[in-house]
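Chemist: Quick one: the structure is below, questions incoming.
The values are calculated or read from the model by the stated rules, or taken from the named source; none is laboratory data. Remember, predicted model here, so these are calculated numbers, not experimental data. Glycine gets a Cβ as well: all are built from the backbone with ideal geometry, and neighbour counts include every protein chain shown. Ligands, DNA and RNA are stripped out before the accessible areas are found, and what is left, the full protein with its side chains, is counted by its heavy atoms. Shrake-Rupley method; radii C 1.70, N 1.55, O 1.52, S 1.80 Å.
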Amino acid sequence: MSYLIRNVSVLGGAPVDLVVRDGVIVDSADGTEEVMDGTGLIALPGLVDLHTHLREPGREDAETVLTGSRAAALGGYTAVCAMANTNPVADTAGVVEQVWRLGREAGLVDVQPIGAVTVGLGGEKLAELGAMADSAAAVRIFSDDGMCVHDPRLMRRALEYVKAFDGVIAQHAEEPRLTQGAQMHEGDVSARLGLTGWPSVAEEAIIARDVLLAAHTGARLHVCHVSTAGSVEVIRQAKARGVRVTAEVTPHHLLLTDEAVGGSIEGTAPYDPVFKVNPPLRTAEDVEALRSGLVDGTIDVVATDHAPHAAQDKECEWAYARPGMLGLETALPIVLHTVGDALGWDGIADRMSRTPARIAGLDEHGHTPVPGSPATFTLIDPQARFTVDPAALASLSANTPYAGMELPGKVVATFLRGKRTALDGKAAA
Ligand SMILES: [Zn+2]
């Protein structure tokens with residue numbers, strides 16, 4: 001299929017016509033194209049998510065590669081990196097190839113598996129990193145996300161191992177001895193609610209250790225879902241010293257605070273498990289530091305940490321609820337809402353597409369849609385506003401913290417190598 005998109009603004013520039021043919025953007029139309037009106041729309045390179053939980057294999061009742069791919073395409077994504085904490089864990093070439101193949105079959109986004117660092121996320125023995133790297137899935141990012149690679153000797157060996165093929169270790173930074181029994185951010189709100197706290201220093205201490213290990217080994221470290229002002233400061237200092245460290249922030253950490261757990265958001269009650277997430281929602285000062293860290297480039301990317309959960313795992317008592325919230329279909333609107341003006345369209349393209357594509361080694365992604373580039377992009381209506389309805393989301397799960405919120409920026413269409421994967425709220429498969 002060929003497309004002619006008239007009068008569309010690429011990254012906020014003057015309106016142009018975009019012609020899509022044979023998977024690429026070409027110079028001129030030949031009259032055989034389907035015509036779309038792009039007036040008022042912004043074209044961005046297809047978004048790339050470094051941190052998505054697809055739940056397949058093992059928890060297909062919460063999400064599958066197909067349903068997660070639909071949610072991603074509808075959110076403007078053309079590639080997602082699938083976290084390894086599935087069941088079985090993605091710690092062998094066999095499992096990462098299975099996830100990769102399911103992604104190809106769905107055909108809506110490129111699903112790039114992340115491999116586990118340690119066998120079974122057990123933190124004791126390195127997984128088959130080389131076999132996963134050499135597999136059809138060509139794994140480049142390794143993470144025990146959900147768990148911290150806590151043993152410093154193992155972390156050092158993992159960094160040294162992946163350096164050989166320019167891989168990266170993506171760390172869930174959480175000193176487990178400091179977060180035993182933790183239920184939310186440790187602070188005034190946790191004291192008021194009587195919940196055990198997850199102190200900021202549990203994240204900051206691991207990041208500080210890991211940037212020193214990255215400096216020592218010369219390997220690449222990526223810090224998952226940075227959540228505190230102190231973490232931003234540690235990463236800023238490490239970058240100034242030339243350490244090869246990159247970092248991500250989630251949309252929810254750019255918007256929500258621990259006050260939400262106390263029922264501060266209209267229509268919610270205290271202890272609503274939809275706000276339970278790991279790392280936890282922090283304070284307004286942390287949110288401010290994360291926003292400025294993202295804008296000044298200390299934090300390199302926005303990653304969703306899309307974490308679907310079946311109703312029985314989420315709609316229960318706070319203490320028993322699984323941590324995590326949906327992210328793929330609301331990430332861009334939340335980014336526009338929180339830091340859109342400060343970043344501008346080019347900054348958004350950078351934090352949500354180019355830089356994550358570069359970190360993951362996804363060469364076909366992150367290109368500005370101009371003639372000669374892959375036709376892998378998304379079209380946004382920045383004026384449109386919509387109200388988030390959990391039941392209307394494409395994800396199999398409904399654990400969104402934004403239910404009822406009105407947000408700016410609707411994804412109108414998404415294209416992957418010339419295939420239209422989403423249009424007007426409907427995915428192509
Ligand atoms: Zn994590």
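Chemist: Taking the simple approach of a point 7 Å from Cα along Cα-to-Cβ for both ARG104 and GLN237, what is their distance in nm?
Modeler: 4.6 nm
Chemist: Highest first, please rank the peptides 245-255, 314-324, 45-55 by the mean number of other Cβ atoms sitting within 10 Å of their residues.
Modeler: Final packing ranking: 45-55, 245-255, 314-324.
Chemist: Please work out the C-alpha center-to-center distance from the range 104-164 to the range 304-369 and express it in whole Å.
Modeler: The two parts, judged by their Cα centres, are 21 Å apart.
Chemist: Which residues in the range 176-206 have a backbone N closer than 20 Å to a point placed 7 Å from the Cα of ALA284 along the Cα-to-Cβ line?
Modeler: 185-193, 200
Chemist: Hey, what number do you get for the chain at 222 nm if only DSSP H runs of n ≥ 4 count, each worth -39500 (n - 2.57), divided across all residues, to the nearest 500?
Modeler: -8500 deg cm²/dmol
Chemist: With every protein chain left in place, what is the accessible area per residue of the range 308-429 in square angstrom, probe 1.4 Å?
Modeler: For the range 308-429, the per-residue accessible area is 40 Å².
Chemist: Fully extended, how many nm does the chain gain between ARG157 and ARG192 (0.36 nm per residue separation, minus their Cα-Cα distance)?
Modeler: Contour length minus Cα-Cα distance gives 8.4 nm.
Chemist: Under a 1.4 Å probe, what is the accessible area of the range 117-185 per residue, stated in Å²?
Modeler: Accessible area per residue, the range 117-185: 44 Å².
Chemist: What fraction of the Cα pairs in the range 340-429, stated in percent, has a spacing above 20 angstrom?
Modeler: Result: 48 percent of Cα pairs exceed 20 Å.
Chemist: On a 0 to 90° scale, report how tilted helix 93-106 is relative to the longest principal axis of the chain, with both axes built from alpha carbons and the result rounded to the nearest 10.
Modeler: Approximately 30 degrees, to the nearest ten.
Chemist: Starting from the 7 Å offset along Cα-to-Cβ, what nm value, one decimal, do you get for the label separation of GLN180 and ASN87?
Modeler: With each label point 7 Å from Cα toward Cβ, the separation is 2.6 nm.
Chemist: Here's something else I'd like to know. Using r as the Cβ-Cβ distance of VAL26 and ASP346, and R0 as 25 Å, what FRET efficiency do you calculate, to the nearest 0.05?
Modeler: 0.60
Chemist: May I ask for the angle, rounded to the nearest 10°, between helix 284-296 and the longest principal axis of the chain, with both axes built from Cα atoms and the value confined to 0 to 90°?
Modeler: Orientation of helix 284-296: about 50 degrees from the principal axis.
Chemist: What are the lysines whose alpha-carbon lies under 20 Å from the alpha-carbon of LYS276, with same-chain residues fewer than 8 places away excluded?
Modeler: Result set, ordered by chain and number: LYS314.
Chemist: Moving on. Hey, if you drop one equal point scatterer on each alpha-carbon of the range 1-106 and run the Debye formula without solvent, what base-10 log of I(q)/I(0) do you get at q = 0.11, 0.15, 0.17, 0.18 Å⁻¹?
Modeler: Once normalised to I(0) and log-transformed, intensities are -0.49, -0.74, -0.83, -0.87.
Chemist: Let me ask another. In percent, what relative contact order does the range 155-266 have, based on Cα pairs under 8 Å that are 6 or more apart in sequence?
Modeler: Contact order relative to length: 28 percent.
Chemist: Helix 65-74 versus the longest principal axis of the chain: what angle, 0 to 90°, nearest 10, using Cα atoms?
Modeler: 60 degrees
Chemist: So, for the range 34-102, what is the accessible surface per residue at a probe of 1.4 Å, expressed in square angstrom?
Modeler: That works out to 27 Å² for each residue.
Chemist: First compute the accessible area of the range 182-329 with a 1.4 Å probe, then give the percent of it belonging to carbon and sulfur atoms.
Modeler: It is 51 percent, rounded to a whole number.
Chemist: Quick one: pull the percent of accessible area on the range 1-136 belonging to carbon and sulfur, 1.4 Å probe, ligands and nucleic acids left out.
Modeler: In the range 1-136, the share of accessible area belonging to carbon and sulfur is 48 percent.
Chemist: Given C-alpha coordinates of the chain, what is the ratio Rg to Rh with the Kirkwood estimate of Rh?
Modeler: Radius of gyration over Kirkwood radius for the chain works out to 0.95.
Chemist: How high is the FRET efficiency between ASP61 and ARG6 when r is their beta carbon distance and R₀ equals 45 Å, given to the nearest 0.05?
Modeler: After rounding to 0.05, the efficiency reads 0.55.
Chemist: In whole angstrom, note down how far apart the Cα centers of the range 223-270 and the range 190-210 are.
Modeler: Going from one Cα centre to the other spans 12 Å.
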